[in-house]
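Here's the structure, in structure tokens; my notes come after.
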Amino acid sequence: MAKQKPIEHVGVVEAIEGEMIRVEIVAESACASCAARSACGMSESTQKIIEVHTSQASEYRVGERCVVSVERAAGLKAVVLAYCMPLVVMLVALIVCSIVGLGEGVAAAIALGVVVVYYLCVRLLRDKIETNIIFKIKKQ
């Protein structure tokens, strides 16, 4: 099986602190790169700050362009943690509440509450999760 190409984004070094580099990238939706985006008004892009830990941090300068990459498997893991699992948790909570016989409004409130608790747990475990998602940096 061939190794998949990593996900890459071009960015600009925002700050360097020891062995950690903060890189600002512009994440664009598919329509943000479309030639007709100004006519339809649907384009969207957001700036994100990525923290990259590397022993070569001293080789970079603030304002320098670089390429930040992450393995596709790590990107898939992030999508599962951020989007798929909360959906599953919410659906399970709704089903359990329905089986127990709670009203729709109460079931919906409980399901949303369970999703909030899920995201709080993810936030509390972020240091452990970050060790599994490793960003790499290289000069452009």
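Across all directions, the average projected area of the convex hull around the alpha carbons of the chain is 13.1 nm².
Based on the alpha-carbon gyration tensor of the stretch 75-140 and its eigenvalue square roots a ≥ b ≥ c, which shape applies: rounded if a/c is under 1.5, prolate if not and a/b is larger than b/c, or oblate?
Numbers: a/c = 4.12, a/b = 3.07, b/c = 1.34.
Note, shape of the stretch 75-140 comes out prolate.
The numbers here are math on the coordinates, done by the rules we state, and not lab data. Just so you know, these numbers come straight off a predicted model, no measurement behind them.
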